[in-house]
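K.L.:
Handing you this structure, nothing more for now.
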Amino acid sequence: MNMTKYLYLNSRDEFFRVDISKIVCFESDGNYTDIVLANKIKASVSMNLAQMHTILNENLKDRSAVFARIGKRHIINLNYVYHIAVPRQELVLSDGGNFEYRVKVSKEALKKLKEMHVSGLAPNLPA
């Protein structure tokens, strides 16, 4: 069974069909949102980040859980979290081989993201 799920974004002038597993993050640019893909393609859509977050939740239902709002400027795909550097306020999103994408994020947002990952891994961590 094919588990590929697509996000469809349609406006008056443009249409995007994006495999959600290839979306690294969404980045706010005022009234626009940039979509960053794993193949380094970047596309811009005319909606703000809050509108994008609503569309993700409505269209992807349970699959939207792979995306998390991080700070004011980003929605990230949690599957691409590679390195969280709280003191440097930097998040590195990567597939571990072909690309890396660095974003500046507030310390508070990074602390929450780190805690979410650590608490999810707690049973696997040595005592």
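K.L.:
Looking only at region 68-87, count how many residues are in a loop (DSSP other than H, G, I, E, B) and either under 15 Å from LYS112 (Cα atoms) or touching a residue at least 60 places away in the same chain (Cβ under 8 Å) (or both).
P.N.:
Of the residues in that region, 4 qualify.
K.L.:
Could you check ARG102 against (1) surrounded by 12 or more Cβ atoms within 10 Å (Cβ to Cβ); (2) at pLDDT below 95 and say which number it fails?
P.N.:
(2)
K.L.:
State the number of residues belonging to region 48-60 that are open to solvent by 20 Å² or more (accessible area, probe 1.4 Å), part of a helix (DSSP H, G or I) and out of contact with any helix residue (DSSP H, G or I) (no Cβ under 6 Å at 6 or more places or on another chain).
P.N.:
7
K.L.:
Can you name the residue in region 12-47 that is open to solvent by less than 50 Å² (accessible area, probe 1.4 Å) and part of a loop (DSSP other than H, G, I, E, B) and, of all such residues, is nearest to TYR82 (Cα to Cα)?
P.N.:
Only one residue fits best here, namely ALA38.
K.L.:
Of all residues in region 1-11, which are open to solvent by 100 Å² or more (accessible area, probe 1.4 Å), closer than 18 Å to PHE67 by Cα and either touching a His at 6+ places or on another chain (Cβ under 6 Å) or part of a loop (DSSP other than H, G, I, E, B) (or both)?
P.N.:
The answer is MET3, and nothing else.
The values are calculated or read from the model by the stated rules, or taken from the named source; none is laboratory data. The model shown is predicted, which means the values in this text are computed figures rather than measured ones. Cβ atoms come from the backbone with ideal geometry, glycine included; neighbour counts cover every protein chain shown. Note: accessible area is taken over every heavy atom of the protein model, side chains too, but ligands, DNA and RNA are not part of it. Shrake-Rupley method; radii C 1.70, N 1.55, O 1.52, S 1.80 Å.
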